[in-house]
Amino acid sequence: MDSTAEHDLIRGLSRNVLMQLAPNELPLFAAASAAWFADPDAAMRASKNRDAALGFGAESFSILFTPLVLQVVSEIMPILGGIALKAAETAIGEEVSARVRKMFRGEEPEAVAILSPEQLGEVHRHVIAAGSRLRLDRARAAHLADAVVAQLALPKK
């Protein structure tokens, strides 16, 4: 996957997580994510300092949680990529079988869940570990993990 596509995935999942956890940061998400992708270390340092600011002319805004979410989501992307590859392989095999069944018996194929409960648990554990490395307290790391998993598990409308 090229970096632009990966960045778009990270931004999309992070934005959805922030809608749940820190909706007050959404107006600054585009600028904060651009700053994070330009220099993740600087963005993380700024997020740890409540007085640090991302400047826009005379105004400045404190960015606190957005860089943490972007960091955690970027860390789980390789895990999600591996899960997606396995799921695609399985889905292709199941799709072929379902189409053959449909062709010979007139059955509708059942929808296949993309992530299993075990895979969702693995993502949850990785997000908590990433949150711990970023010095989030256990409750906030768990809340972040719950929000990330919810974005991966809930059906899209």
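The values are calculated or read from the model by the stated rules, or taken from the named source; none is laboratory data. Keep in mind the model is a prediction, meaning the values are calculated, not measured. No Cβ is skipped: glycine too gets one built from the backbone with ideal geometry, and neighbour counts run over all protein chains shown.
When Ala42, Ala31 are checked against the criterion of being assigned to a helix (DSSP H, G or I) and either touching a Phe, Trp or Tyr at 6+ places or on another chain (Cβ under 8 Å) or at pLDDT below 75 (or both), a single residue qualifies: Ala31. When both residues are 6+ apart or on different chains and their Cβ atoms are under 6 Å apart, which pairs have a first residue that lies in the range 4-25 and is in contact (Cβ under 8 Å) with a residue 12 or more places away in the chain, and a second that is among the charged types (D, E, K, R) and surrounded by 14 or more Cβ atoms within 10 Å (Cβ to Cβ)? Sorted first by the residue in the range 4-25, then by its partner, the pairs are Leu18/Glu25. Only residues that are modelled with pLDDT of 90 or more and either within 17 Å of Thr66 (Cβ to Cβ) or among the polar types (S, T, N, Q) (or both) were counted in the range 134-144, giving 4.
Screening Met1 with (1) within 24 Å of Gly82 (Cβ to Cβ); (2) in a helix (DSSP H, G or I); (3) at pLDDT below 90 gives one miss only, at (2). Being outside any loop (DSSP other than H, G, I, E, B), modelled with pLDDT under 90 and touching an Asp or Glu at 6+ places or on another chain (Cβ under 6 Å), is that true of even one residue in the range 116-124? Among the residues of the range 116-124, not one is outside any loop (DSSP other than H, G, I, E, B), modelled with pLDDT under 90 and touching an Asp or Glu at 6+ places or on another chain (Cβ under 6 Å), which makes the answer no.
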